[in-house]
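Following: one structure in structure tokens, then a few remarks.
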Amino acid sequence: MLTFPWSTPDRMPPLPDHTRRLVEAVSTGRGGGLFPPVIRTCPEGVEADARELAGPRDAGLVAAALARPRLAPLVARIEGLGAWCEAAAARCTGALAPRVLAVDNPRLFGALICAGFIACAAARDAPPDAVLDAMFESVQRTLARFLRRLTRDLGGALAAAGVRGPVRDLWVAPDESHNGGERVIRAAFRAGGAWAYKPRPATGERMLLADTGSLFAALNALPSASGDASLPTLRVVPGGGRERGAYSWQEWIERPRQWGTIRTSARGDLALAACRLPPRHAARFWQRAGALTAACFAFGASDLHTGNLVVGRRRAAREPLAYPVDLEVWLFPVERLIETGLVNDERDRGNHHVGFERAARWCTVGGPIAGFAQRPGGLRLRRRTVAWVRRETSSVVADTRGRVGFAAYAGAYLRGMFDLWTKLVCERERVTALVRRAARRGVVRVLIRPTAAYARELDRRVLGAPRPRSPRTRLSREERAQLGRLDVPYFFRRAAGGPLRWIDPATGAHRSAGRQPAADPRQPPSGAILTGERLSLLELGVALRDALAYVFADLPRRRWHDRRRGVRIAVDAPGRGSVAFDWPEADRRLTYAWRGATITLDIAALGAAR
């Protein structure tokens, strides 16, 4: 990759107008994220940004780099993007505030320009024209579609929800894209708060999470069976016009007010911030999180890893809740709680960045592909080799005593699971009817492979690395086509069942997929969930066992009685233990016990059990 000397050029090289604006943004300190950061390796085993490029000297280095022939393909596309931004902004003056749609806005184009810079710098021979075309054309097409929908909905669906323009800030999620460069976009409006624009066919949030007409909202309205078990909801506005099923607007979950530093490094140069609650509030949070966990297990909500589950608050709310903000995979035939993505196994193997993390780790998922390393006499662009550091996280919850996760609040967490489950069992026929109704109107995403497998292939394409001689898996024609557009392959089907489909981004048409190789042949929708077979008292035992196995090493004690909540816990090993719940409303005590895969349920009269 390219090496840059420390000394800035005596004269700024001539650059076209829009490219020069990027250099000016770096010079004035507004260009953080437009170009790779200077990175450093930390003793904690992660890499971090030592600093972003900023100031006149760094601006001179950037200008000198952009003036090189190797970067000419990138400069040409930056100029095209800048001209497109000016024309699009002129057409959307009522919908966008000034300077929001600008090529030097790093919140919009930082990830794009940074990735294009790395692709050019890493190219060994011919310019990466195909890669750059896929990057820039998909972004312009995606933003053009977003602006058309935004302008229409500000006079319709969004206006009815109390949203008023113009948009004061736009942020494009820098992670993976789908269906021709589509990404989540956060739009902050003059009135009505911030909303997430979700351009995808999956309808999990609308079917399960919306505050009106959803499964969770209906469950909240049903009478409790053994205690309060309310589920989180948020506002969801379907897209307007004929594109109603193609996208939606969802209320943005804000950072909780209870936010603070939960960990600092020994040298004090790293700090991790997250939701931090007093013990009484933490107990209430985890009891509600337990109810959500049971609901996800019951309805097959999956892929709820870090980023897809957010701990935060709705606008004007005081207390934080856990919100599954990416409910694309639902009705999945889950057999273990681990398959929801909310927890891991007892050894924290594989992807330990689950929805409810049990440790305040420094590492995160993702991060820049490459960054500048400081070398004697200059900066050298190099590929990142270890995990990237995180400064904040929405998947870790700590209390003010320094305890992370739900281990210290296992009684509250399990009680939340039990109270939600008893409601489902007692209202089984009504709940099953609600699930079927949601399935008739809904769409589920089908994960053919883990996203990490696709991410490795995308990184290889951006960096121009050679294709492995013996790939581990054979990609289908549809997967190769989507990866060629630098998208993570996306497949879906009707929630009630039907053929596997994918989207042709050129036309927006839904195409039937061919025979798809799948590591896991199980795919949604699950017949057992649609028919209500899962809704028996014994089925909860699997989730209880997996939850306690996950936090076994962190439990404050192996046996205790939470008298306030009527929960007795006794565990001897990750795969051996029991939990008993008092159910006064039914005059019963239910005791779940497990030894490995064998789970038993004992039901006794509450008076006799005492």
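The values are calculated or read from the model by the stated rules, or taken from the named source; none is laboratory data. In this text the structure is predicted, and so the values were computed from the model without any measurement. Cβ coordinates were reconstructed from backbone atoms using ideal geometry, including for glycine residues, and neighbour counts include every protein chain displayed. Side chains included, ligands, DNA and RNA excluded: accessible areas come from the protein's heavy atoms. Shrake-Rupley method; radii C 1.70, N 1.55, O 1.52, S 1.80 Å.
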*Which whole-number percent is the relative contact order of the range 282-433 (Cα, under 8 Å, 6+ apart)?*
32 percent
*Can you tell which of LEU327, LEU463, ALA573 lies farthest toward the positive end of the dipole of the chain, using +1 and -1 charges on the Cβ of basic and acidic side chains (Lys, Arg; Asp, Glu)?*
ALA573
*Figure the gain on full extension for TRP259 and GLU243 (residue separation times 0.36 nm, minus the Cα-Cα span) and round it to one decimal in nm.*
1.9 nm
*Near CYS275, within a Cβ-to-Cβ distance under 12 Å, what is the net charge of the other residues, with Lys and Arg +1 and Asp and Glu -1?*
-1
*In a shell of Cβ-Cβ distance under 13 Å around ASP49, excluding ASP49 itself, what net charge do Lys and Arg (+1) and Asp and Glu (-1) give?*
+2
*Ignoring ligands, DNA and RNA, what accessible area per residue does the range 511-582 give at 1.4 Å, in Å²?*
45 Å²
*Using the Karplus curve 6.51 cos²θ - 1.76 cosθ + 1.60 with θ = phi - 60°, work out ³J(HN,Hα) for each residue of the range 446-458 in order, rounded to whole Hz, and write x for Gly and Pro.*
10, 8, 6, 9, x, 4, 4, 5, 5, 4, 4, 5, 5
*Under 5 Å between amide H atoms, partner at least 5 residues away or on a different chain: which partners does ALA50 have, H built in plane at 1.01 Å?*
VAL38, ILE39, ARG40
*What is the local net charge at THR261, summed over the other residues whose Cβ is closer than 12 Å to its Cβ (Lys, Arg +1; Asp, Glu -1)?*
+2
*FRET efficiency for THR600 and THR41, Cβ-Cβ distance as r, R0 = 60 Å, nearest 0.05?*
0.75
_I need the shape label for the range 346-462. Rule: rounded when a/c is under 1.5, else prolate if a/b > b/c, else oblate, with a, b, c from the alpha carbon gyration tensor._
oblate
*Taking the Cα atoms only, what angle lies between the long axis of helix 56-66 and the longest principal axis of the chain, rounded to 10 degrees?*
80 degrees
*May I ask you to derive the FRET efficiency for GLU86 and ASP129 from their Cβ-Cβ distance with R0 = 25 Å, giving the value to the nearest 0.05?*
0.55
*Note down the relative contact order for the range 502-610 as a percent, whole number, built from C-alpha pairs under 8 angstrom at least six residues apart.*
16 percent
*Please identify every one of the chymotrypsin sites (Phe, Trp or Tyr not before Pro) in the range 368-439 that sits in a loop by DSSP and has no more than 12 other beta carbons within 10 Å of its own beta carbon.*
none
*With θ set to phi - 60° and the Karplus curve 6.51 cos²θ - 1.76 cosθ + 1.60, what are the ³J(HN,Hα) couplings of the range 201-209 in order, to the nearest whole Hz, using x for Gly and Pro?*
x, 4, 10, x, 5, 5, 7, 10, 10
*How far is helix 72-91 tilted off the main Cα axis of the chain, in degrees rounded to 10, range 0 to 90?*
70 degrees
_Relative contact order (%) - the chain, alpha-carbon pairs under 8 angstrom, separation at least six_ = 14 percent
*Given 5 Å bins starting at zero, what is the percent of C-alpha pairs of the range 473-597 in each, up to the one with the largest pair distance?*
2, 8, 13, 13, 10, 9, 8, 10, 9, 8, 7, 2, 0
_Given charges at Cβ of Lys, Arg, Asp, Glu: the range 201-315 dipole, positive-most of ILE253, ALA298, GLY239_ = ILE253
*DSSP loop trypsin sites (Lys or Arg not before Pro) in the range 259-367 with at most 12 other Cβ atoms within 10 Å of their Cβ, which ones?*
ARG267, ARG318, ARG347, ARG349
*Where a ≥ b ≥ c are the square roots of the eigenvalues of the C-alpha gyration tensor, would you call the chain rounded, which needs a/c under 1.5, or, failing that, prolate if a/b is larger than b/c, or oblate?*
prolate
*On full extension of the chain, what length is gained from ARG57 through ARG391, given 0.36 nm per residue of separation minus the C-alpha to C-alpha distance?*
117.6 nm
_Quick check: at a probe of 1.4 Å, how many percent of the accessible area of the range 310-452 sits on carbon and sulfur atoms?_
47 percent
*Treat each spin label as a single point 7 Å out from the Cα along the C-beta direction, and report the ARG280 to ARG70 distance in nm.*
6.2 nm
*Protein accessible area in the range 489-560, 1.4 Å probe - carbon and sulfur %*: 53 percent
*Rounded to the nearest Å, what's the spacing between the alpha carbon centres of the range 582-596 and the range 253-284? Just the number, please.*
35 Å
*Express in nm, to one decimal, how much length is gained between THR28 and ALA159 on full extension, taking 0.36 nm for each residue of separation and deducting their alpha carbon distance.*
43.4 nm
*Once both labels are modelled 7 Å past Cα along the beta-carbon direction, what's the ARG401-ARG190 spacing in nm?*
5.1 nm
*To the nearest 20 debye, what is the magnitude of the charge dipole of the chain about its Cα centre, counting +1 on the Cβ of each Lys and Arg and -1 on the Cβ of each Asp and Glu?*
160 debye
*asked:* Once neighbouring chains are kept in place and the probe is 1.4 Å, which whole percent of the accessible area of the range 227-291 is contributed by carbon and sulfur?
replied: 46 percent
*Going by the alpha-carbon gyration tensor, a ≥ b ≥ c the square roots of its eigenvalues, is the range 121-278 rounded (a/c under 1.5) or, if a/c is not under 1.5, prolate (a/b greater than b/c) versus oblate?*
oblate
_Can you list residues from other chains, or at least 5 along the same chain, whose modelled amide H is less than 5 Å from the amide H of ALA273?_
ILE262, GLU392, THR393
*Got a sec to turn the phi values of the range 33-48 into Karplus ³J(HN,Hα) couplings, 6.51 cos²θ - 1.76 cosθ + 1.60 with θ = phi - 60°, whole Hz, x for Gly and Pro?*
x, 6, 9, x, x, 7, 10, 9, 8, 9, x, 6, x, 10, 10, 9
*Cα centroid separation - the range 174-209 against the range 332-399, whole Å*: 23 Å
*Rounded to the nearest whole Å², what accessible area per residue is found for the range 9-78 with the 1.4 Å probe?*
44 Å²
